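The values are calculated or read from the model by the stated rules, or taken from the named source; none is laboratory data. Source: prediction; values computed, not measured. To get the accessible areas, we keep the full protein, side chains included, count just its heavy atoms, and leave off ligands, DNA and RNA. Shrake-Rupley method; radii C 1.70, N 1.55, O 1.52, S 1.80 Å.
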Amino acid sequence: VEMKHEEISLLSVMEQVRASLSVLSELKGVEILLDIPSEITIKGDRHWLSEAMMNIVKNGIEHNDKPDGGSFAYVRITATQTPIFVRVKIEDNGSGIGEQDLPHIFERFYKAKNAPPQSVGIGLALAKQIIVSLNGKIDVQSKKQQGSVFTVTFYSV
């Protein structure tokens, strides 16, 4: 995959992701919340960064049918920057990922037990591959019925 290396505004990428997923998020009743300082930038390829983030956010929307305790359903995206890295957290209050599925969710064609029927199991695998190629890493923490937090770290050195 050919990648450009340009300075990209993280906020503009995430606004584009939110717009692209607006119909799905409306249908599912899931709010996409952005809390990203406008000065945060990432060096890389806008198209591929957008593709990776879209796959993670879409995953959070698709697994957010029954919000906990009557609260509203959300996917919240926050970001911080240091001289060494940019860290993006994509957090949802959805159904969470089962302990048995957690170690496998970044494997190509792996489908968790609660995956939607149309899922092929490549979204998160592709997201990880893109993030790694942009000098980053991705981690996930999740609790059943409480949601998941995907932490993406892009190193600038």
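Starting from the coordinates of the alpha-carbon atoms of the chain, obtain the Kirkwood hydrodynamic radius over all distinct pairs and give the value in Å to one decimal.
Taking the inverse mean of 1/r over all distinct Cα pairs, the chain comes out at 15.7 Å.
Give the aspartates and glutamates whose C-alpha is closer than 18 Å to that of residue 111, dropping any in the same chain fewer than 8 places away, or say none.
Straight-distance partners of residue 111: 62, 65, 99, 101, 139.
Could you check which residue among 19, 52, 73 shows the biggest mean-square fluctuation in a GNM of the chain with a 10 Å Cα cutoff?
19
May I ask what percent, to the nearest 5, of DSSP beta bridges between residues of the chain are antiparallel?
Beta bridges within the chain, antiparallel portion: roughly 80 percent.
Can you work out the accessible area per residue across segment 35-109, with the rest of the protein chains kept in place, probe 1.4 Å, in square angstrom?
Per residue, segment 35-109 has 49 Å² of solvent-accessible surface.
Compute the acute angle (0 to 90°) between the alpha-carbon long axis of helix 10-20 and the principal axis of greatest extent of the alpha-carbon atoms of the chain; round to the nearest 10°.
Helix 10-20 sits roughly 40 degrees off the main axis of the chain.
Given the C-alpha centroids of segment 134-157 and segment 25-62, what is the distance between them in whole angstrom?
When both Cα centres are located, 13 Å separates them.
Classify segment 82-157 as rounded, prolate or oblate, taking a ≥ b ≥ c as the square roots of the eigenvalues of its Cα gyration tensor: rounded when a/c is under 1.5, otherwise prolate if a/b is larger than b/c and oblate if not.
The shape class here is oblate.
Check the straight Cα-Cα distances from residue 4 and name the aspartates and glutamates below 18 Å, setting aside those fewer than 8 residues away within the same chain.
In chain and number order, the partners are 45, 51.
At a 1.4 Å probe radius, carbon and sulfur cover how many percent of the accessible area of the chain?
Carbon and sulfur: 53 percent of the exposed surface of the chain.
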